[in-house]
Amino acid sequence: MKPNKPARKVAGKSPTNVPVKALHPHLQALRDAVNQVDFNRFRFWFQLVAFVLFVYGGYLAIDLGSKLPFFSCGYNKEGRAGVCYLLPLQHQLGRPLAMLFTAAGLTILTGFLTFALWFIVLNKGWCGFVCPLGTLQDWITALRKSLGIRYAKYSQSQFAQLTKIKYVLLALMILIPLGIGGGLFSHDMSPPFCLICPARMILPVFTADFSQFTVDFSTKTAVVMTVLGMLVTALFLVGSFVKKRFFCFFCPMSALHYLISKAALFKLKKDGDKCTRCGDCYRVCDMEIKEIADDVTTKDIMTDDCTLCLKCVASCPEPGALKATFCGIPIFEATEAGFIQRMQKGHSDAH
Amino acid sequence: MHTKAHTVIPIQPVPYSRSRQAGESQTVLDQITKDFDDNPQAMQYFYDLFQKVYCQGEAVPHEGMLVGTTCIQAPEELIYAFGATPMRLCNGSYHYDQRGGDFMPAKSCSLVKATLGMLSAEHVIPNIGKPDLIVNPTTCDQKKKSSAMIEGLGYAVFDLEFPNVKESEASRVYWQRAVREFAQRLRTLTGKKLTRKNLRAAIAKIARAQVAFRKLHHFRQLSPSIILGKDAFLVTNAYFFDNIDSWTAAVEKLNEELAQREQDGIRAVQKKAPRVLFTGSPPIFPNLKLPLLIEESGGVVVADETCSSNRMLYDMTAVDEWWLNDMVDSLADKYLKPCTCPIFTKNDDRKRRLLELVNQFQADGVVYQAFAGCQVYEMEVKSVADAFNQAGIPMLYIETDYSPDDKGQMSTRIEAFLESLKAKKKRQA
């Protein structure tokens, strides 16, 4: 028999006596209610309201400016309640190069700051809860589900390659307008990303505006760009039918978000000590982010592909292992009771 | 005159209840029930169950085909989905351990030997009847090698291919494929089809058992404890062969009683009883030697990290869309990703899990049991001891087997260990 290791006295506090902050009973009751919410239903209604607001809010004269950190498409002229920041950004960058270094260049800076201010409030939560194009993809997913068709997944190696595309698109989205301003490219390419973005064609449809479904035959470049736009839109519709959140994976806005996400107030936190790596969070992730289950050291667990939809939190059975925080205050936390309730709901809904 | 002088008196077969093996079980069961006061009333279900099955040798009923499993990595949900009943064959009897010596080298794991010994016996205890199929996940070397031996004993065996590396994507995909092949095999065996409906029902059935288990598990966080570890082990041991629905109902009843006990302030131990986390080779009835020694010496086992209890029932399955493929993949992930079995190359997850359990259950110390010959658990001792050492948590390593011979010296060591935990507690207070 081997000698057993004698216990050594260790200075410092033992991990057993972690003080637990007691909440006021009312606050605790509220927190329990939130943590056990029927999450999918909550999110569905939240998204629906946000969709209506940003696609039809314009009719009620709502205008939240043109620096919004999600696809509230500017081409939806009648209904929009604000404009996606990518549209003015590309226009500003597309000005004659000399202008960029004058006072006009400052507007780019202030524009970016306004965008960043919007962004830091919800972080990528804009994608998971507000973005109309994101919501639309979730509805297409619901349609697929109701037709009894299974979804597709990437392999891990495909994932690793494809996840870089959004950065390429972001770089092009900045470089091409600069090229236009510098006279390298035709103005017919402006704004380059909007011309290929599916939101430009699809969102106006919701206000009965089909004008974007045309090929512009005025110049060769215009033909190429508008045809490309149509192809991407077709790809979007087919893609999001077979793949959950198909487009978000390639979204340059998502890439831009990630670059400034450190400063965000809304965060997805993970306590790796509490994680058993069961993989439940990964199983429900629309974006197939494996780190959410496997990474047990990173505290700030949001990755560049994340849409902060918080489905992972809702499906985590380990209390406190995953949580969404706002300015450090837990808003929505993984609990066992919540997990069990939602799982049983899943069983009864599965018919 | 012819007399009956030469009549041979035939040897009467000894009834099972009077066999050495039944005696072994009876002794342990008596210890569990009679050496402790105030056992929860709801435990009676489990005491009776073990009395009937292990001490009297009563037959254990099952529905549909019987699929024996030699490890918790075999997805039970699939077996239920095909209308069959899974039963865990891992055995804890010393009698069978000795029998199993015919198959394995002397210095091999008691559990594997006992399982082989049991399968080679004429009248198997627990008396489950002959399994229509035995699924043997390819985990440790001894289990791997016993596969062919079990086949040699006339059983149909399916080797469920289990990877050695947990972290890689390649092994995840490999394992998913292995699970699908298992489903295929079950299909040929039962002649039934796997459907969304029956797999979902099977997942729900096990989830209900898991929810009950988790509740029991959480009651053990209370300090002072309201239930002893020997009872908790008996409950999870019963899961091996009991009808899952009756088992769940019995655990739910136990939970109700524990909730009442909590309210009434009834506790199962003295306030200062050292709280012990149990890890390593799994205690399986009747080999509850070590947990019983701990609790007879005034300690209490508050949690465990063993495949006969916590690891078997803790991690639950989540499914996003309830398609057949999704459910099967989710199951595969659940059976691989959180597994803390020592057969894997790395044991970071196990160490993390142990530290978290110590934290959650306010354990004062850890008892690490390794069956002599269970190389993987023996080999992990150093890394686990180092992790605990760093965290300032005392750990007692005990190498043992199913034989009762070492009980004396073990009890001395355990008493000394518990004393040191008490002294440490006092110093800290």
Just name one of B:W175, B:S93, B:L199: the one whose Cα is farthest towards the positive end of the charge dipole of chain B (beta-carbon charges, Lys/Arg +1, Asp/Glu -1).
-> B:W175
Test item: Cα-centred dipole of the stretch B:308-357, Lys/Arg +1 and Asp/Glu -1 on Cβ, debye | 480 debye
Could you work out the local net charge near A:D188, counting Lys and Arg as +1, Asp and Glu as -1, over the other residues with Cβ closer than 11 Å to its Cβ?
-> 0
May I ask you to list, by number, the DSSP H helices of chain B whose Cα span along the axis is at least 27 Å and whose average Kyte-Doolittle hydropathy reaches -0.5 or more?
-> B:196-219
Percent relative contact order for chain B, counting Cα pairs under 8 Å at least six residues apart, stands at 17 percent
Helix A:39-56 axis, angle to chain A major axis (alpha carbon atoms, nearest 10°) = 20 degrees
About the Cα centre, charge dipole magnitude for the stretch B:101-210 (Lys/Arg +1, Asp/Glu -1 at Cβ), debye = 740 debye
Tally Lys and Arg at +1 and Asp and Glu at -1 over the other residues with C-beta under 9 Å from the C-beta of B:S330: what net charge comes out?
-> -3
Acute angle (nearest 10 degrees) that the helix A:25-35 long axis makes with the longest principal axis of chain A, alpha-carbon atoms = 60 degrees
Between A:V49 and B:K271, the two model label points (7 Å from Cα along the beta-carbon direction) sit apart by a distance in nm of 5.1 nm
Nearest-0.05 FRET efficiency for A:M99 and A:S348, computed from C-beta distance (R0 60 Å) | 0.50
FRET efficiency, 1/(1 + (r/R0)^6) with R0 30 Å, evaluated for A:Y59 and A:D32 via beta carbons = 0.15
First check a/c for chain B, with a ≥ b ≥ c the square roots of the eigenvalues of its C-alpha gyration tensor; if it is under 1.5, answer rounded, and if not, answer prolate when a/b is larger than b/c or oblate otherwise.
-> rounded
If pairing requires two Cys Cβ atoms under 4.7 Å apart, which cysteines of chain B are left without a partner?
-> B:C55, B:C71, B:C90, B:C140, B:C307, B:C339, B:C341
Count, for each residue of B:333-343, the Cβ atoms from other chains sitting within 10 Å of its Cβ, then give me the mean as a whole number.
-> 3
Take the alpha carbon gyration tensor of the stretch B:13-54, find the square roots of its eigenvalues, order them as a ≥ b ≥ c, and report rounded if a/c is under 1.5; if not, report prolate when a/b exceeds b/c, else oblate.
-> oblate
To the nearest 10 degrees, how steeply does helix A:132-146 sit against the main Cα axis of chain A, on a 0 to 90 scale?
-> 70 degrees
Between A:A208 and B:Q98, the two model label points (7 Å from Cα along the beta-carbon direction) sit apart by a distance in nm of 9.1 nm
CD proxy at 222 nm, helix term only [per DSSP H run n ≥ 4: -39500 (n - 2.57); per residue of the protein assembly as shown; nearest 500] | -15000 deg cm²/dmol
Positive minus negative residues near A:V313 (Lys, Arg vs Asp, Glu; Cβ under 10 Å) = +3
Just check the stretch B:65-197 against the gyration tensor rule for me: Cα atoms, a ≥ b ≥ c as the square roots of the eigenvalues, rounded for a/c under 1.5, and otherwise prolate or oblate depending on whether a/b exceeds b/c.
-> oblate
Return the subset of B:K334/B:K425; B:K192/B:K215; A:K274/B:K424; A:K269/B:K351 for which the Cα-Cα distance in this structure is over 31 Å, preserving the input order.
-> B:K334/B:K425; B:K192/B:K215
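Throughout, read-outs are computed from the coordinates displayed, never taken from laboratory work. The shown structure was predicted, so the numbers you read here are calculated from the model rather than taken from an experiment. Ideal geometry is used to build each Cβ from the backbone, glycine not excepted, and the neighbour counts take in all protein chains shown.
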